[in-house]
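Engineer: Sending over a structure as structure tokens; questions will come in a sec.
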Amino acid sequence: MSKRRPGGRARKEVRIQEEEEDTSRLYRTPLSAEAAKYCSRPVAESPWGLDGLAEIQISGDRHYRPERLPSGRKERPKSARLHTMYYQNLDYVHGIADTLRTLELSNTGLFAFPQELVERLLNIETLILDDNNLTTEGFPTCFKELVSLTSLSVRNNGLTGIPSSWSYLFQLTSLLADNNQISSLKHLERLTKLQVLSLQGNCIEEIPREFYALKKLECLNLSHNSIASVTVDVKRLINLRELDLSHNCLAFLIPDLFLLPKLDGLQVSNNEVVKIPTVALKTKNKRTIDSVDLSFNNLTRFPENVFLIAEKLDLTSNSIRVINNSAFKKLDWRTTKQLCMHDNPLNNPPRDVAEGGLKAMLHYYFETKVDSKIYQGIKVFLLGSRGCGKSSLVQTFLDQQSRLCTEDEETICLEIYDYQIDTSDDLADPRPLSLSIWDCSGNPDYMPYIFPFLHFPSLALILFDLTEYTTENFSELIGQWIDTLILRNNRAVFILIGTKADLCKESVKPEKVLELAQKDTEEYIKNYLDSIDHEIGCIERLDQISAAFNEQYKQYLSLKNFKPLFHPEALITSSAQMLGFNRLESVLVELATQTKTFPSVMRVIPALWGDAENFFDDLGQNQNIISFNELANIVHKQFGLRHLTGQICQYLHDSGRAIFNEREPSFKETVVLRPSVLFEHTCTLFRHNLYDFLMDPSDKEEVRERFVRDYSAAEFTKAVELCTVHGILLHNLLKMFFGTGKRRFTLINYLCDCLQWCYRIGGPVENPDSELPHQRELNFDLERDEDGKVKTDTSKVSLLVPNLVRSPEPTVAQTHWQNAALRVSAGFRFSRFTPSMFFERLLVCLHTERLRYQYHWQNGVLAFDAEDDNVWIRVTKEDPEDKSYLVVLSCGVVTEERFNFVREEQTPTEEPVEDSEEVVALKTQLARVWKCLLPSLLEAEKVLKQYPAAWFRREVKCPECGEMTFWGEWLSPKEAQDSEAKPCRACHADILSCLLVQPRVSKRSTRPTIRSDVAVKLQDSPAPGAAAANPADGEVNEALNFDASQKRVATEGRKSVSFM
């Protein structure tokens, strides 16, 4: 049988094999002068005339022999690889340079790049120069003309730096320069389109700040160098996905490394890392890192925060002895995480358990957690002026090594950290004190948003800069923070801490400064208590105390309950020198474990409560803000603990792990399961530099990617202006800030209803003919159903934040108010403390279906009564010359009549004199005014209850002289109603009482009231010498026109609620 002839494909393979065998027979030839300019070794000559030309790619086909190139049509070669640099090769490359895109000159002995070749390779895109003898000087200046170059590889050469000509390769996206001798990264900062950069195996010791301008970097390899530190500027590499820093000299890692938004892999093995910093996890945009390699370092503490964000964590060959149970409590059997703990001297869990991997460690944890105890912790607030070193102190305290924060790391609103202090020396029975540290920004713009959360029980650290302190600036550095604690809780437990001791001049001893601050603090608190005693004594010395003075007297008695507690020893610290931190830890334990002040701290928590805590944390991932009743139902289904839900929530609140306070009405109906998530969502909205943050050209590309995907540039600019100038958050902007879905609406409801930071509006309607379109046509009204719930499509609801309004009062608003000729003005004067956001929260509470807001500016609003559109109310805040703070509620009726407010002189007579027709008409009009004004004043009284230590006086303006000279008696109106007129202390005119207090109303109305529970009349015992002038229970309700059912509600409120 004859042998079968091979097919076409087989014949082609045989032919190629024969040709390759022929290619191996090379002949030696002398090196030409042309090649000798750039090549340092002899070359081999090919029998086909193109020596060392290994391969050419033409239109997708690869040819191994140049002479086999098709000749029937014109080809367009795209890539070429040369083994040698011979003049015939260069000539051929010159001939195909117009279409050549990729050129490889690896292992050709080059020590300089041919200048003649540069002139012809202007269209080259990829250039590979590996395994040569190239130096930094070997790249000619004309190399910068390769403007189309996108990929450059110069591995295994002799470069000592980045050639200056490379800085003009603006299209370069990939640069591989491994195994050279590069020690400086200068000139790289101009290659802003770089996506891949590998500098492995060089001599780099530091990374300059300019290097971090490469924001498009995705892969960065700096392994096998001598890098000792990475600065916080690394956070500018927002697109980085892979980072390799292994085999360097790193001793410390900054948190920003773990918070890069797109990081998937981090390699830091074989360094000298001793501690991993505390990472403040941002759950708003939280993402996991696929792999973190920290093997072969000197770690002694288990990096719990890194473990939470890494899918795979390698801690092989470190010095870790203990893994706290808290690292496992948020995991379950279904987890896909990987944890490698080989070659660590572990005690807990045992080493043999850890060798089995994460599943074995979880099994051990679930078996032993039954015997472990949970102790209640405490909240710690860090307060202090801007730049005093709070963030540096907390980072140094948490990491137990020096950490100095820069200006770029300024705290935005509030950051929350967890820390444990072991209070027991017995390793078999540890008793950890859990601290929830709330680092509060010292920027005064954020204090209104921090103030509501300064609940007691808590411990405060008041920090001040030792280099700036004097008695003259005590109020600014220390006093204002003591006032804040007093105003919020009518008590203060704090520790004074002086910072930056290392920066004090030689002539200034930190101990002397600290002693002065401690003395000034003691004197300040003594003067505060003496002021209360003085006010009480002034009232007690009166011969007869009116009802108004009686209310003021009870207010001062409540202030007398103030109980200050501050550590007698102020502390000196220095974050740069790690000074005073051991003493700080001891003082924290000493104060927190005082059972008289903090009876619940360090109590043993039932194990079932711990399970509920873990369940709440998991629940908070999807539903962070939840109503208390809904949470109680969920807890009942999961644990059967409905009756204990309030106690569990209160325990979590006092420990700083949730926000819920059954002692305050505004915080007991809703539970925030993760406080850090709440602040992450709101800190962007309320940041002090919001306009610059959104409109800064340097960050414009990032901002557009995050916020303005559905906006044009003009629409976005307009939305930002409405927000930052007029306080209006359009619904589309809210979508950008808070996202979509149920989570967005629960957050908006919490901001509006619980915190009272903003109120809902329908959004602005444009009107080009108006003076201020966004104000004049602002749709404040929302359609509501019978239950008062908003019927308008909630996806279209916008918000108005009073604290963000910066616009002046419109002229049209002044014109409208001038038409209301008959006015009554009453208000509250705050003499000692300025209540944070009282005015703004009052405006939110007054925005109901009763009052229709028409204009809102920085210091006030103007609205009309929905039931009587001729009655207008104006709420403003003023700063009088006496340094007090005045909030005025003025109500007026539009009428053409003119009235005399002063009582006419009458002849004394025993028979009662009937009112004249003018007085009757005046009282009729004033009844309309008080019908609108009184509920607003009572609403203000309700808001004031959230400031238990506020020093204020109720006042009414004299209509003759325009001064606030009369005491406000709307809570106890009987005495003023019984008198026909009262004299003004300024102008001495006898002003009719109907202008100073609500008149009696004989007829009852079934009109629905606004929040009737605020009509509270105290039934406390009168002050010594007080006249029996308190009204009957029904008189306040009668003035408000309550019906019978509403009277019962108000009466019940009086029994359960006490004012101040």
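Engineer: Give the Rg/Rh ratio for the range 537-584, taking Rg as the radius of gyration of the Cα atoms and Rh as the Kirkwood radius, to two decimals.
Structural biologist: Using Cα coordinates only, the ratio equals 1.48.
Engineer: If Lys and Arg each add +1 and Asp and Glu each add -1, what is the summed charge of the other residues whose beta carbon sits under 15 Å from the beta carbon of residue 184?
Structural biologist: -2
Engineer: What translational diffusion coefficient, to the nearest whole µm²/s, does the range 272-403 have by Stokes-Einstein, given a Kirkwood radius computed over alpha-carbon pairs, a temperature of 25 °C and 0.890 mPa s viscosity?
Structural biologist: Result for D is 149 µm²/s.
Engineer: Compute the projected area of the convex hull of the Cα atoms of the range 374-592, averaged over all viewing directions, and report it in nm² to one decimal place.
Structural biologist: Here the figure is 14.9 nm², rounded to one decimal.
Engineer: Would you mind putting 118-125, 262-269 in packing order, based on average other-beta-carbon counts within 10 Å, highest first?
Structural biologist: In descending order of packing, they fall as 262-269, 118-125.
Engineer: Let me ask something additional. What is the set of long-range amide H partners of residue 605 at a cut-off below 5 Å, with H atoms built 1.01 Å from backbone N?
Structural biologist: Amide H to amide H, under 5 Å and 5 or more residues apart or across chains, residue 605 pairs with 374, 375, 376.
Engineer: Here is a further query. Just the Cα atoms of the range 606-685: what Rg and Dmax do they give in Å?
Structural biologist: When restricted to the Cα atoms of the range 606-685, Rg and Dmax are 12.0, 39 Å.
None of the figures in this text is laboratory data; all of them are computed from the coordinates on show. Owing to the predicted nature of the structure, the values given are computational and were not obtained by experimental measurement. Heads up, the Cβs are rebuilt from the backbone with ideal geometry, glycines too, and the neighbour counts pull from every protein chain shown.
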